[in-house]
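Reviewing the structure listed below.
The values are calculated or read from the model by the stated rules, or taken from the named source; none is laboratory data. Note that this is a predicted model, so its numbers are computed, not measured. FYI the Cβ positions are ideal-geometry reconstructions off the backbone, even for glycines, and counts take in every protein chain you see.
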Amino acid sequence: MLVEDNLFNQQVAKELLEEIGVVVVIANNGKEALDLLAKEHFDCVLMDMQMPVMDGLEATRQIRANPELMATRIIAMTANAGRENWTRCFDAGMDDFITKPIEFQLLITTLAKWLLPRSDPVVPVFAATSLQPAVVEETRVASTSEPSIIDLSILAQILGNHPEKIRKYVMMFLDLTQKAIVEIETALAHGDMATLSALGHRTKASARTVGAMGFGELCQALEQLQEMEILSARDIVMQMRTLLAQISMNINKDFLK
């Protein structure tokens with residue numbers, strides 16, 4: 001099960017997992033994950049930490065409190081690397097920790113570490129041999145983009161040497177982020193700092209996945225603002241709008257020739 005609220009990251013992770021033979025079921029938050037676990041067996045749960053409705057930490061604590069689910073493998077996925085988050089994940093009862101953007105080789109290796117040794121009577125949803133770590137071909141992206149604006153080699157390392165996939169997800173990122181900016185500007189107009197923070201967090205993850213690191217930093221700055229910092233929020237959102245226009249120009253230059 002993939003527990004993730006970011007649509008972009010859902011699709012990227014789902015495609016990567018399906019390529020190695022994994023059957024993927026998506027939950028958009030911890031509450032949905034608990035509901036699914038009550039109905040069917042899953043070999044592993046890939047759990048985002050920060051989500052609406054119920055976050056990954058609370059969902060994990062509730063899973064561990066259920067005797068029927070205590071043995072469920074739970075692997076954290078988070079854009080917030082660092083010892084503090086690592087500790088919070090393990091204190092909640094998670095088995096392992098993967099940082100975003102997800103590295104394909106690390107994802108395979110981590111799944112193999114936790115799932116291959118098992119000998120459960122339940123038939124797994126994928127063949128163990130499909131999880132054997134593979135050599136990932138080095139990818140070179142023919143791009144004229146400015147790396148300081150968007151570095152497509154980061155997404156290429158995740159997806160492998162598949163130009164059409166890279167194009168598909170770059171265009172998806174652009175579409176979703178343009179919609180997110182509208183949501184962000186609406187929240188800003190209403191002075192809704194809580195929504196601004198949530199939108200900053202959500203958009204940060206997909207920005208980092210495609211290599212728009214500068215945009216991701218602005219998203220993180222928006223996420224971390226305090227309640228009364230509305231003027232700072234306006235400045236950050238203005239920078240985000242400008243940088244997104246530059247990202248759009250770079251993407252269109254590469255993919256809409």
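Assorted remarks:
- Looking only at the range 156-197, residues that are touching a residue at least 40 places away in the same chain (Cβ under 8 Å) and not in a helix (DSSP H, G or I) come to 1 in all.
- Long-range neighbours under 8 Å by Cβ, at least six apart or interchain, first residue in the same structural domain as Met51 (by TED's automatic domain parsing) and without any contact (Cβ under 8 Å) to a residue 12 or more places away in the chain within the range 198-223, second in a helix (DSSP H, G or I) and not acidic (Asp, Glu): none
- Some residue of the range 47-63 being within 20 Å of Thr109 (Cα to Cα) and in contact (Cβ under 8 Å) with a residue 24 or more places away in the chain: yes
- Residue that is of a type outside the set (Phe, Trp, Tyr), surrounded by fewer than 19 Cβ atoms within 10 Å (Cβ to Cβ) and in contact with a Gly (Cβ under 9 Å, 6 or more places away or on another chain), where the choices are Val23, Val53, Val3: Val53
- The range 91-108: number of residues that are at pLDDT 85 or above and either among the acidic types (Asp, Glu) or surrounded by fewer than 16 Cβ atoms within 10 Å (Cβ to Cβ) (or both): 4
- With respect to the conditions (1) surrounded by fewer than 17 Cβ atoms within 10 Å (Cβ to Cβ); (2) farther than 21 Å from Asp175 by Cβ; (3) under 24 Å from the mean Cα position of the chain (by Cα), Ala221 falls short on a single one, namely (1).
- Hits in the range 69-117 - residues which are in contact (Cβ under 8 Å) with a residue 60 or more places away in the chain, of a type outside the set (Phe, Trp, Tyr) and closer than 13 Å to Cys44 by Cβ: Met77, Leu107, Ile108, Leu111, Leu115
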